[in-house]
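The structure under discussion appears below in the form of structure tokens.
The values are calculated or read from the model by the stated rules, or taken from the named source; none is laboratory data. Small disclaimer: the values here were computed from a predicted structure and weren't measured. Cβ coordinates were reconstructed from backbone atoms using ideal geometry, including for glycine residues, and neighbour counts include every protein chain displayed. These area figures cover heavy atoms from the full protein model, side chains too; ligands, DNA and RNA do not enter into them. Shrake-Rupley method; radii C 1.70, N 1.55, O 1.52, S 1.80 Å.
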Amino acid sequence: EFQVAIMNQILLLVVVVLTFLIALKLFDKRAAWLAAGLTLAAEVLWKFSVSGQSTMLLLVIFLGLIWCLISVEQSGRAEPPLSRRLFTLAIVAGLLAGLGMLTRYSFGWVIIPVVVFLVLFGGTRRAGLAVAAFLAFALVVTPWIIRNLSVSGTLFGTAGSAWVEGT
């Protein structure tokens with residue numbers, strides 16, 4: 001339990017750093033420091049950091065995904081567009097969405113806005129970027145879904161029956 005709490009504390013610090021970096025990309029240095037300070041002072045994040053749940057890991061994954069999408073948008077506007085960098089970022093975004101889904105199944109829905117974002121802001125290679133992100137996402141989650149099918153006969157194990165609980 002102690003090691004899990006220490007790991008979550010480290011993940012909280014990673015969340016603060018990622019918040020700073022994202023705010024620095026989008027705004028200025030003062031806004032980045034303010035965002036990082038407010039994140040560090042948020043009581044709910046401190047509660048999650050000692051709870052032992054996977055919430056802090058999912059937050060790190062989500063902020064990494066946001067950083068990738070911001071970088072895609074900025075790289076797509078470069079002249080000439082940086083194709084290799086764009087595809088790498090799109091693949092990383094898909095991988096992060098897949099890792100998030102392995103943490104919480106409902107996070108898998110985030111692949112839809114990721115694909116839409118890539119189609120809208122991906123530049124000249126928008127379709128390829130969207131397909132690359134989706135294929136990376138599928139590459140991560142497909143082995144787990146196949147495992148669930150072989151073990152329980154359902155795509156998401158017993159989590160899929162939670163919506164009918166209490167009926």
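Quick notes
- Any chance SER49 is open to solvent by less than 20 Å² (accessible area, probe 1.4 Å), at pLDDT below 95 and either over 21 Å from LEU24 (Cα atoms) or in contact with a Cys (Cβ under 8 Å, 6 or more places away or on another chain) (or both): yes
- One residue stands out among those in region 134-167 that are at pLDDT 80 or above and in a loop (DSSP other than H, G, I, E, B): the one that is nearest to TRP109 (Cα to Cα), which is LEU155.
- Failed item in (1) surrounded by fewer than 19 Cβ atoms within 10 Å (Cβ to Cβ); (2) over 24 Å from LEU89 (Cβ atoms), with LEU26 passing the rest: (2)
- In region 111-125, the residues that are free of Cβ contacts under 8 Å to residues at least 40 places away in the same chain and buried (at least 17 other Cβ atoms within 10 Å of the Cβ): ILE111, VAL115
- Checked against the criterion of being in a helix (DSSP H, G or I) and open to solvent by 70 Å² or more (accessible area, probe 1.4 Å), region 66-74 contains one or more residues that satisfy it.
- Of all positions in region 94-110, none carries a residue that is surrounded by fewer than 19 Cβ atoms within 10 Å (Cβ to Cβ) and over 21 Å from SER54 (Cβ atoms).
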